[in-house]
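Here the structure comes first, spelled out in C-alpha cells, and everything after it is commentary.
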Amino acid sequence: MKGNIILLEDNKQIANYYEKMLKAESYKVEVAYNSSSFFRIYDRFKPDLILLDIILKNSDMDGIEVFQELKNRVDFESKVIILSSEATKYEVAKAMQLGAVNFNEKGENFNRIKLLADIKQAIEFKQKEQEIDKLKKQSLDSILIGQHDLMKNVKDQIIKFSQSDMNLLITGETGTGKGLIAELVHKNSPRKAKPFKTVDIKSISENLIESELFGHVKGSYTGADYDKKGYFESADSGTLFVDEISNLSLSNQMQILKVIEEKRIPIVGSGGKYKDVDVRIISASNSDLTEMVNQGKFRKDLYFRFANCVISIPPLRERVSDISVIAERFLIENSREFRTVLNISLNELKGELEHYSWPGNVRELKNFCRFVSEFNKKVDNKILQDEFKKHVNRNKALSNKVINELSYPSHHKLLNSDNYFSAMVSFEKLYLNHHLEKNLQRIVKTAKSIGLDRTTLYKKLKKHGIEIN
C-alpha cells in the first residue's frame, strides 16, 4: 500500500524532479515551496511522510523550524526524511535529534535508489504503527466498555495522546473514570515500563501539599522524622497523575508551573536544594478550569500547559446506549466473584436503566451491580428490577434530604450561626451522612472517597451518633 508524501523544497526545478519520480512509484505527492504553503497543505493532506529541505530561501521558517513546529502539534504522526546539499553537520544532527528517520543528500551526491528505499521503509514503518494503533484500540474496547461515538472519540484520543509526551488534562464528572483513562494513557505510552503514581489533591491538607509533592528532609517541620520522597520524585521517568488539580491553591499552582518549566523540584527543608526530575503530568478535574481561570481561581499560564491535550469523558447520561452493555459486563464479572446465579435479559430493563440519570456515572452503575450480586444468591430480571427501583428511590430520598437540609431556612440558619464550631459540627454531620448514602453505607468506600482512614471515620460517626444499617 503506497502512501501520502509532502515535499518541502524551495527549488522548483528539483521539486519537479522529485515529484515526477515519486508519482512514478505510485505515491500521492503534494509540493510546498515555503513554510506557509507547507502548513496549508499539511492541515488538509495529513501525510505519511514528509521530505524536508533544511535550507529554505524566501520562507518564513527554515526546515528545522518547520520540524520543531510540527513536533509541538499533538496530531503530528508523520515520518520525516531530511533533504539537503547545504546543511551543516549541526543542522543535520539537530534534525535527527528531533526524530527524522534519515538524511539524504541532494546535488552531486544524490542517490536515487537510496532515497526510494528510505521512503519505502519509512512509510512501511508508519503503516505498521497504524496497525499497532488499531490493535491497541481493540484492546481498549475490552477495557472501556461501550461503542457510543463519544466513547470512540475518547479511545482515539487515548491512543493519540499516548504517543505524545506532552502534559495532559482529563475532564469529566465524578465517577466517569478519569483515573482509569490516565492509567491507560500511561500503559500505552513510551513510559509504560516506568512508574505510574497517583496523587489526590483534595485528600491532602494545604500545609502538607509541598511535602507530599516534592518530598522533605528529616527535621524540616514538626513530625518530619525521616527523609521522604515526594510524588514527583517517586514518579521520576514515568507519569504522575494529579487528580483534582483544581483543588491546588494559586501558590501551589505556581510551584507546579515552575516544575514543568524547570524540570526540577524543590526539596522541603533542604536549604534551597533542588532535584532534577523527568515526569509527564496527567491532571484531572471535575471542575471547569476555563471558568476558574476567568474567576482568577486557576492560573492561566498553568492551564495552557495542559490545554493542547485534553480528553473530555462524557457522563453516562450522554451515552445511554452503553448503559445496558456496561451493566451486563459488571453483573457477569460480579457473578464470578460472588458465585451468583445469573439469569437476566437486560433488553427488558433497557428502558428503565436508560431513563435514570446515573448522577454518579459509571462508578454508581458499578457499585449498584456489585451490591445486587453480593447480596442475592440468584439474580434474575425481577430481582434486578426490584433492586433498581430501590436504588432509584434511595437516591431520590437522598437528593431530597440534601436539598431540604441545605435549603432556606436551614441553610440560612447554618450560615448565620453565631457559633463557628457549632456550625462546623452541623455541616460535618450532614457531609458524612451524604457520603455514607452515596457509598451505600460502606465504611471503607466512604472513607476512601472523602480521604479519611477507616478508624477516623468510625470515630466521627460515633461522635455524631450516626448509625450504620
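Readers should treat all values here as calculations from the given coordinates under stated rules, not as data from a laboratory. These numbers were taken from a predicted model, which means no experiment stands behind them. Heads up, the Cβs are rebuilt from the backbone with ideal geometry, glycines too, and the neighbour counts pull from every protein chain shown.
For the reader, a short list of remarks on this structure follows.
- Between the range 418-469 and the range 360-374, the Cα center-to-center distance that results, in Å: 21
- Per residue, the convex hull volume that the Cα atoms of the range 276-381 enclose (Å³): 163
- The value obtained for the range 58-174, namely the Cα convex hull volume divided by the number of residues, is 146 Å³ per residue.
- Karplus (6.51, -1.76, 1.60) ³J(HN,Hα), θ = phi - 60°, over the range 456-462, in Hz, Gly and Pro reported as x: 4, 5, 4, 4, 5, 5, 5
- Once backbone amide H atoms are built at 1.01 Å from N, Phe241 has Lys197, Thr198, Val199, Ile282 as its partners under 5 Å, excluding neighbours fewer than 5 places away on the same chain.
- Among the trypsin sites (Lys or Arg not before Pro) within the range 31-62, those in coil by DSSP and having at most 14 neighbouring Cβ atoms inside 10 Å are Lys57.
- Span from the the range 297-341 Cα centroid across to the the range 26-49 one, whole angstrom: 38
- Distances between every pair of Cα atoms in the range 39-93, grouped in 10 Å steps from 0 to the bin holding the largest one, split as 22, 57, 21, 1 percent.
- Only lysines eight or more places from Lys23 in sequence, or on another chain, were considered; those with a Cα closer than 21 Å are Lys2, Lys12, Lys46, Lys79, Lys106, Lys114, Lys120, Lys126.
- Semi-axes of the equivalent ellipsoid for the range 107-185, Cα gyration tensor, largest first, Å: 38, 15, 9
- Against the empirical 2.2 N^0.38 Å (N residues), the chain has a Cα radius of gyration ratio of 1.24.
- Viscosity 1.306 mPa s, 10 °C: Kirkwood-radius Stokes-Einstein D of the range 167-248 over Cα pairs, µm²/s: 114
- Over the range 4-132, the fraction of Cα-Cα pairs per 5 Å bin, rounded to whole percents and listed from the shortest bin up, is 2, 10, 23, 27, 23, 12, 3, 0.
- Cβ-based net charge around Thr198, under 9 Å, with every Lys or Arg adding one and every Asp or Glu removing one: -2
- Here the spin labels are modelled as points 7 Å beyond Cα on the Cα-Cβ line, and at Glu108 and Phe427 they lie 8.1 nm apart.
- For the chain, the relative contact order works out to 11 percent when only alpha carbon pairs closer than 8 Å and six or more residues apart are counted.
- Adding -39500 (n - 2.57) for every DSSP H run of four residues or longer, then dividing by how many residues the chain holds, sets the calculated 222 nm ellipticity at -15500 deg cm²/dmol.
- Pairs from Lys218/Lys258; Lys94/Lys263; Lys366/Lys429; Lys94/Lys258; Lys228/Lys463 whose Cα-Cα separation, in the structure shown, is over 32 Å: Lys228/Lys463
- The three principal axes of the C-alpha atoms in the range 144-314 carry coordinate ranges of 54, 39, 26 Å, sorted with the longest axis first.
- Size-normalised alpha-carbon gyration radius of the range 1-53, reference 2.2 N^0.38 Å: 1.03
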